[in-house]
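Input: a single structure, listed below in structure tokens.
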Amino acid sequence: MHAPHAPMTSPPKMRTWQTIFFSGLLLWVATVVVTFLTGNTNLLPTIVLLGSFLVPVTFVAWAYERDRGGNVTVETLFTAFVVGGILGVLGASLLEGYLLHPSPLLYLGVGTIEEFVKLLALLFVARDLTHRTRRDGLVLGATVGFGFAAFESAGYALNSLVTAQGLDLVALVQTEVLRGLLAPVGHGLWTAILGGVLFAASSAGPSWRFTPGVIGTFVGVAVLHALWDSVHGIAITLTLMFTGLPWQTLLLRIGRMPAPTQAQANLVNLLDFVGLLVIAAIGVLWLWVLAMTGRGRREAISLAAPSGPAGPPGHRGAAGPVRPAPTGQPGAPVAPDHPTGSERRDVPETHEEPDD
């Protein structure tokens, strides 16, 4: 006799977010190469759109597959990404244009306004959700934030493309690569944190609850946003403070920005990298703690939920006591003593504890 062959296992299927990322990256690279070779400016919009939307859309797909509730559908995600992103960009442009002026607190104003308009966009796209959970807030908040980042990145890409000397394709590619690398720890991260706290605080009723925890979270993400935008200025200030030369100090006193030496330029770049890394680490750690807290509460609720009504001795579950099988029919199933329909109980819907 031959030994039975072990069943062949098929290779694991690629997840949707992986398919989106690798296929989109390949298409973007191919478009860039063809544009360099042919000089065809008709391909420039394709480069801008693919490069600006690839990473945000990938992370939305990842968040959707990883952790979501039943209320978050593909249609809801699409609305949050497109409508939320556009409303956020338009609102930020109007408010920043009318309210902000050059000052030491400029970046704090930018962070506050942009996080505020993204919050309004999140409230708008989630207005019909009657049941809210922390994980829904994390996913929808991230989606609104990544939509904002995608449309904003498209604008930055176009600005870098058009120069006084003509179209600069190299600057366009560099801008899209840089913003793509930084996108996961920017707008999407901050709005995900705020959305998770807001949804958890508002899970017990139909209205939104702006508790002290929600307000504190808003202030926290606005400060992170402001620090992120001002990292380069802080790096220049620290560099000139500790390594400034006398002639540079003189220029600063008369209101002119001195050109840095090569060593100072290297130090500025290093401080830029360290500052962005620290701010990103704070945001990621904050999001991780928030997600783990919500997951722990869900597991506790699941363990505490009753599995079925209690019965007399010998009773197992809701189907009735177990009796031996009839003679001559070992292992045959036995009908329960009571109809199973009368024994079913729906588990009541649970809500997360609000964040205070």
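The values are calculated or read from the model by the stated rules, or taken from the named source; none is laboratory data. Source: prediction; values computed, not measured. Cβ sites come from the backbone with ideal geometry, for glycine too, and all protein chains shown count toward neighbours. With ligands, DNA and RNA removed, areas are computed over all heavy atoms of the protein, side chains included. Shrake-Rupley method; radii C 1.70, N 1.55, O 1.52, S 1.80 Å.
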Check off (1) open to solvent by less than 50 Å² (accessible area, probe 1.4 Å); (2) farther than 30 Å from residue 290 by Cβ for residue 230 and give me the number that stays unchecked.
-> (2)
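Residues checked against (1) open to solvent by less than 60 Å² (accessible area, probe 1.4 Å); (2) in contact (Cβ under 8 Å) with a residue 12 or more places away in the chain:
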residue	(1), (2)
38	no, no
72	yes, yes
79	yes, yes
94	no, no
109	yes, yes
124	no, yes
Which is under 16 Å from the mean Cα position of the chain (by Cα) and at pLDDT below 95, of 209, 179?
-> 179
Residue 225 passes all but one of the listed conditions (1) more than 24 Å from residue 127 (Cβ to Cβ); (2) open to solvent by 20 Å² or more (accessible area, probe 1.4 Å); (3) not β-branched (Val, Ile, Thr); the exception is number (2)
Determine, yes or no, whether residue 66 is within 30 Å of residue 292 (Cα to Cα) and without any contact (Cβ under 8 Å) to a residue 40 or more places away in the chain.
-> yes
List pairs: first in segment 131-156 and buried (at least 24 other Cβ atoms within 10 Å of the Cβ), second among the β-branched types (Val, Ile, Thr) and not in a helix (DSSP H, G or I), Cβ under 6 Å, 6+ apart or cross-chain?
-> 136/72; 139/72
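Can you give me the number of residues within segment 244-263 that are touching a Pro at 6+ places or on another chain (Cβ under 9 Å) and either open to solvent by 50 Å² or more (accessible area, probe 1.4 Å) or of a type in the set (S, T, N, Q) (or both)?
Of the residues in segment 244-263, the ones touching a Pro at 6+ places or on another chain (Cβ under 9 Å) are 244-245, 247-252.
Now restrict to residues that are either open to solvent by 50 Å² or more (accessible area, probe 1.4 Å) or of a type in the set (S, T, N, Q) (or both): 245, 247-250, 252.
So the count comes out to 6.
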Check whether at least one residue in segment 197-216 is among the aliphatic types (A, V, I, L, M) and over 30 Å from residue 64 (Cα atoms), and report yes or no.
-> no
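For residues in segment 181-213 being in a loop (DSSP other than H, G, I, E, B) and touching a helix residue (DSSP H, G or I) at 6+ places or on another chain (Cβ under 7 Å), which is most open to solvent (accessible area, probe 1.4 Å)? Break it down into steps so the answer makes sense when it comes.
Filtering segment 181-213 down to residues in a loop (DSSP other than H, G, I, E, B) leaves 186, 202-211.
Subsequent filtering for residues that are touching a helix residue (DSSP H, G or I) at 6+ places or on another chain (Cβ under 7 Å) retains 186, 208-209, 211.
Details: 186: 6, 208: 61, 209: 92, 211: 10 Å².
So, considering only residues that are in a loop (DSSP other than H, G, I, E, B) and touching a helix residue (DSSP H, G or I) at 6+ places or on another chain (Cβ under 7 Å), the one most open to solvent (accessible area, probe 1.4 Å) is 209.
So which of 178, 169, 120, 99 ends up being surrounded by fewer than 16 Cβ atoms within 10 Å (Cβ to Cβ) and farther than 25 Å from residue 286 by Cβ? Steps first, please.
Working: 178 fails: farther than 25 Å from residue 286 by Cβ; 169 fails: surrounded by fewer than 16 Cβ atoms within 10 Å (Cβ to Cβ); 120 fails: farther than 25 Å from residue 286 by Cβ.
None of the other options fit; the residue is 99.
Quick grid of which residues meet (1) over 22 Å from residue 220 (Cα atoms); (2) more than 15 Å from the chain's Cα centre (by Cα); (3) of a type outside the set (A, V, I, L, M, F, W, C):
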position: 72; (1), (2), (3): yes, no, no
position: 80; (1), (2), (3): yes, no, no
position: 108; (1), (2), (3): no, yes, no
position: 112; (1), (2), (3): no, yes, yes
position: 127; (1), (2), (3): yes, yes, yes
Got at least one residue in segment 43-53 being modelled with pLDDT of 90 or more, of a type outside the set (D, E, K, R), over 19 Å from residue 185 (Cα atoms) and not in a helix (DSSP H, G or I)?
-> no
